[in-house]
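The values are calculated or read from the model by the stated rules, or taken from the named source; none is laboratory data. Just so we're clear, the structure is a prediction, and the values are computed from it rather than from any experiment. Using ideal geometry, Cβ is built from the backbone for each residue, glycine included, and neighbour counts are taken over all protein chains shown.
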Amino acid sequence: MAGVRPVIRGVGRYLPERIVPNSAFEHLDTSDEWIRTRTGILERRFAADGQLTSELAVNAARDALDDAGVEPGDIDLILLATSTPDRTFPSTAVTVQRELGITQGFAFDVQAVCAGFVYALANANALLRAGDARRALVIGAETFSRILDMRDRSTCILFGDGAGAVILENRPADGTNRDRGILATDTRSDGRYQHLLYVDGGVSSTQTAGFIRMDGKEVFRHAVNKLETSTRDCLTKAGLSTKDVDFLVPHQANLRIINKTAEKLGIPSDRVVATVRHHGNTSAASIPLALHAAVSAGSILPGNILVTNAIGGGLAWGSVVIRW
Ligand code: ACO
């Protein structure tokens, strides 16, 4: 059916200046070699003291606006995926709205942990197609360093801080999979698995922010299975198959999950975008950070089929298929 379809018009990113190498964790009876071989991570960034998630988000948003050649005044929807908001309320999205000088439209946070950017893209897609907005700023921004238990070597080595953003804009479309833009989305959750990956604090329970707790082996097992199924189903919704995929731009949790999922999908490694080496797992920020790297390298060409997928605490997971 002819109508509109949101296309990505610009991509931006921001990483804090402070680089934290694997050697910074050696006092925890771990090693650079263990971290590299189990996760693929070489280094991550941590925000400076006092540097808030909203600051990372605003920097990434400005970069995306520049890339798109769009003025803040042309944005009428902000979706900010984060699990590390500046404050309990208001949403970090409205802080970003204020900092960018945007006074029209609406802004809110999306909380789906590492699947946050996929959820945000899916929701922005629905809102734009419904006509509730015309041009969206979709951001993933996190300061996970604030919820790391720095005595727990099984989690603190994995995560980093960062932000990425895209500008989505409605364009006239034929309603076929030859259109540019978001072709299909798939979002899922299953709260029975929340004990596998969670934060042991919160407003209502402890009145503290808490720290990440994780059963790494179980998360790994669920991740590869659920990401494979979601990606295949999302491609089917788009009338495509894994053979049509030019680039897999996955959530950057760790290289072993990325490689195993790509292998199960039969997507060759030269079509998989992996940037986790240099920023660790930045949760909701990781997909736009990876997308930015691939776009900046000139790898992605107009007409290419991209698929993004992610899973995180919830468990919450999903995929998005995009024609560039
Ligand atoms: N350094 C050295 N040893 C360690 C470290 C460390 N940093 N962390 C754990 N170990 C030890 C464990 O204590 C254990 O020792 P034991 O056998 O004496 O008990 C041993 O290493 C093996 O531990 P496992 O948990 O079995 O190690 P595994 O090979 O599974 O690797 C890892 C751990 C990397 C966390 C892996 O399970 C994984 O990648 N899980 C996915 C989790 C993930 O990426 N989560 C991110 C959030 S969810 C998401 O974004 C998808």
In the set 320, 276, 272, which member is buried (at least 20 other Cβ atoms within 10 Å of the Cβ) and over 19 Å from residue 139 (Cα atoms)? 272
May I ask you to verify whether residue 81 is within 16 Å of the ligand (Cβ to nearest atom), surrounded by 22 or more Cβ atoms within 10 Å (Cβ to Cβ) and either of a type in the set (Gly, Ala, Ser) or closer than 27 Å to residue 295 by Cβ (or both)? yes
Just for the stretch 85-102: of the residues that are surrounded by 24 or more Cβ atoms within 10 Å (Cβ to Cβ) and in contact with a helix residue (DSSP H, G or I) (Cβ under 7 Å, 6 or more places away or on another chain), which one is farthest from residue 168 (Cα to Cα)? 92
Among the residues that make up the stretch 109-132, is at least one of them part of a strand (DSSP E or B) and more than 17 Å from residue 3 (Cβ to Cβ)? yes
Only helices (runs of 4 or more DSSP H) wholly contained in the stretch 223-324 count here; list those with 1 or more residues that are within 13 Å of the ligand (Cβ to nearest atom), modelled with pLDDT of 95 or more and in contact with a Phe, Trp or Tyr (Cβ under 7 Å, 6 or more places away or on another chain). 255-265, 286-296
Please find, among 167, 182, the residue that is in a strand (DSSP E or B) and more than 15 Å from the chain's Cα centre (by Cα). 182
Identify, by number, the condition in (1) on the phi > 0 side of the Ramachandran plot; (2) of a type in the set (Gly, Ala, Ser); (3) within 16 Å of the ligand (Cβ to nearest atom) that residue 189 doesn't meet. (1)
Condition first: in contact (Cβ under 8 Å) with a residue 40 or more places away in the chain and assigned to a loop (DSSP other than H, G, I, E, B). Now tell me which residues in the stretch 202-222 satisfy that. 203, 209, 210, 211
Could you grab me the full set of residues in the stretch 24-53 that are within 11 Å of the ligand (Cβ to nearest atom), more than 16 Å from residue 259 (Cβ to Cβ) and among the polar types (S, T, N, Q)? 30, 31
